Every structure is written in C-alpha cells, then in structure tokens.
Amino acid sequence: MIKIYFIFLCSIIIPISSFSIMQDKSIIKWKGTKSIGSYHEGYILVENSFVNIDKNVIIGGEININMDSITCTDIEDKNSNQYLIEHLKSADFFSVPTFPFAFLKITNIKHIEDNDYLITADLTIKNETHPIDFFANIKVDKNAALASGKINIDRSKYDIKYKSKTWYPDLGDKFINDIFELYFNLVALP
C-alpha cells in the first residue's frame with residue numbers, strides 16, 4: 001500500500017502530459033530547388049502526432065508525416081501539377097506506396113534563449129533513419145503548445161537519388177539540390 005501511495009504521489013508532483021498535434025491547425029510547407037534557382041513547393045500533413053510536456057516545456061514527441069498527402073502549390077496547370085505529385089510519390093523520390101509515412105522522433109531539446117530551442121531528432125524517410133538538428137520557436141502553456149521553424153533535410157541520406165549530385169556528380173547543371181526545406185507551424189492541444 002505504501003508503494004502504491006508513493007507512485008501516485010510522484011505522478012502528482014511530476015506531471016508529464018501528452019498534447020496531440022492538430023492536423024487541421026498545423027502546417028508543414030516543403031520547398032525543393034533546382035540548380036538553376038527554380039523551385040517547387042507545397043504542403044504535407046501530419047497525422048497521429050504528439051509532444052510530451054513537463055512543466056510547460058516540451059521534453060519529447062513524435063511527428064508522423066503522411067507522404068501521400070503531398071501537394072504542389074506553384075504549378076497552376078492541373079496535368080503538370082499532377083505529374084509532379086506522382087513523380088514525388090514514385091521510387092525516384094519518396095516511394096510512397098512502400099513508405100507512406102516519414103517519422104520524426106524528438107530525442108533532445110536544448111533551450112537557447114527566450115522561446116528558441118535547438119531540437120535533436122531522428123528522422124526516418126524510406127526506412128532510413130538519421131539524426132537531424134534544427135531550431136524551433138516554442139511556446140507552451142497548459143492550454144496549447146506552439147512550435148515553428150525550418151528543417152533542412154539532405155535527401156541523399158535517405159536513398160533519394162534522382163538528379164542528386166551526391167549520387168551522380170556528372171550531372172552538370174541538370175541537378176536538383178540535395179537539400180530540401182520543411183517550414184513548420186505546429187499546434188498541439190491537451
């Protein structure tokens with residue numbers, strides 16, 4: 001009985017809660033650039049994602065990215081737009097039929113100043129997992145957690161070889177940059 005009471009008391013003293021990342025309130029925008037400076041961009045959705053909170057500080061979490069939800073916003077022609085989306089979902093890029101989700105698991109958070117944090121996470125794309133660091137602006141209270149920032153991702157580490165200078169150094173100026181960007185604005189609620 002004493003052990004049970006002690007465990008219950010500890011859970012009150014050290015409250016850790018999980019906030020769900022709200023798909024309808026959160027935005028992830030992607031941007032990929034070519035060697036000549038042109039680019040494509042669009043959106044992608046989070047699904048079944050959460051952050052763990054302790055004393056109004058994020059201490060961990062997992063973000064599941066639905067790769068099948070990828071859209072393109074810069075191509076107005078419907079057929080060209082659909083062609084790009086299908087190409088991004090193909091084996092040349094994200095192999096979405098085989099790997100429908102990408103995963104980001106937070107492993108460490110370091111406070112820098114004010115609301116700025118350095119996040120360390122394991123990012124999994126196409127069943128390849130690598131550590132990644134990025135900065136985020138985070139605000140947390142008992143009612144919500146808000147996080148915004150940018151992640152630079154080196155696609156060549158995740159077996160995405162299409163027109164990659166890392167994999168094919170003789171492409172001249174016909175390459176697509178290995179680094180693509182994710183801009184995020186996430187809202188999590190208890």
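The values are calculated or read from the model by the stated rules, or taken from the named source; none is laboratory data. As the structure is a computational prediction, the values presented were derived from the model and not from experiment. Heads up, the Cβs are rebuilt from the backbone with ideal geometry, glycines too, and the neighbour counts pull from every protein chain shown.
Whether a residue is among the β-branched types (Val, Ile, Thr), part of a strand (DSSP E or B) and without any contact (Cβ under 8 Å) to a residue 60 or more places away in the chain was assessed, and Thr166 does not pass this test. The sole residue among Lys105, Lys89, Lys139, Lys110 that is under 16 Å from Asp159 (Cβ atoms) and basic (Lys, Arg) is Lys89. Here is the figure for the range 45-77: residues that are in contact with a helix residue (DSSP H, G or I) (Cβ under 8 Å, 6 or more places away or on another chain) and farther than 15 Å from Met22 by Cβ total 6.
For the range 61-94, a residue qualifies if it is among the basic types (Lys, Arg) and surrounded by 14 or more Cβ atoms within 10 Å (Cβ to Cβ), and exactly one does: Lys89. Can you confirm whether the range 25-48 contains a residue that is of a type in the set (A, V, I, L, M, F, W, C), modelled with pLDDT under 95 and within 27 Å of Ile176 (Cβ to Cβ)? Looking for residues that are of a type in the set (A, V, I, L, M, F, W, C), modelled with pLDDT under 95 and within 27 Å of Ile176 (Cβ to Cβ), one finds at least one in the range 25-48, hence yes. The residues listed here are Lys31, Lys25, Lys55; of these, the one that is in contact (Cβ under 8 Å) with a residue 24 or more places away in the chain and either in contact with a Cys (Cβ under 9 Å, 6 or more places away or on another chain) or closer than 20 Å to Glu76 by Cα (or both) is Lys31.
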